[in-house]
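Asks: Before anything else, here's the structure in question.
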Amino acid sequence: MNKLSEFQSLIEASKALDKSGAKLIALDFLDRALAIDLPFSKERIVEVYKLRGKIRFSMDHINQSINDFSYAIAIDPQNTELYYWRGMLYYILNQLNESLEDFKVGVDFEPFRDLTKTLMNKLRQKIKTQL
């Protein structure tokens, strides 16, 4: 099997493993995919970090999930969906200013626009009450 096929197989297997509840093995497969030494497109690498971040989030590994979304953002800073996810994670950790900053970037991402605006308004109110 060539490296490109191996990479894709690992990603697909990790998705199936995640759905079946084998999250630790899914994470291991994603780590193995990231370790393959090929110049993959940024979209493929971002896909892996985003998937790993979502799996870690589902396991309540919030800080590790934030790291994954931060790596993905560093690779593709125009991908506003990543800011939405990281903003949600910061919100869970009660890091409200960081959450609000990410939501500001992500507010133009159409599928989450209304939800993001609602969350931004709630965050602003919560920050004001803490001052």
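Asks: Just to be sure I understand the model, the point goes 7 Å from the Cα along the line to the Cβ. What's the resulting I127 to E12 distance in nm?
Replies: 4.4 nm
Asks: Describe numerically, in nm with one decimal, the distance between label points set 7 Å from Cα along Cα→Cβ at K19 and at Q64.
Replies: Spacing of the two 7 Å Cα→Cβ label points: 2.3 nm.
Asks: Further question on the same structure: Whole-Hz ³J(HN,Hα) for each residue in the stretch 6-20, computed from phi via Karplus 6.51 cos²θ - 1.76 cosθ + 1.60 with θ = phi - 60°, x for glycine and proline: what do you get?
Replies: For the stretch 6-20, the Karplus-derived couplings read 4, 4, 5, 5, 5, 5, 5, 5, 5, 5, 5, 5, 4, 4, 7 Hz, x marking Gly and Pro.
Asks: Using a Gaussian network for the chain with springs between C-alpha atoms less than 10 Å apart, which of these wobbles most: I73, I25, I45?
Replies: In this elastic network of the chain, the residue with the biggest mean-square fluctuation among I73, I25, I45 is I25.
Asks: Taking Cα atoms, how many degrees apart are the long axis of helix 96-106 and the longest axis of the chain, rounded to 10 and kept between 0 and 90?
Replies: 70 degrees
Asks: Computed FRET efficiency, Cβ-Cβ of I92 and L34, R0 22 Å: what is it to the nearest 0.05?
Replies: Efficiency, from the Cβ-Cβ distance: 0.35.
Asks: Write down, largest first, the equivalent ellipsoid semi-axes of the chain in whole Å, where each equals the square root of 5 times an eigenvalue of the alpha-carbon gyration tensor.
Replies: Sorted largest first and rounded, they come to 31, 15, 11 Å.
Asks: Can I ask one more? Kindly state, to the nearest 0.05, the FRET efficiency for K104 paired with N2, given R0 = 41 Å and r defined as their beta-carbon distance.
Replies: 0.45
Asks: If you build a Gaussian network model of the chain, linking Cα atoms that sit under 10 Å apart, which residue out of S41, S65, S14 swings the most?
Replies: Most flexible of the set in this elastic network: S41.
The numbers here are math on the coordinates, done by the rules we state, and not lab data. Please read these numbers as outputs of a predicted model, since none were measured by experiment. FYI the Cβ positions are ideal-geometry reconstructions off the backbone, even for glycines, and counts take in every protein chain you see.
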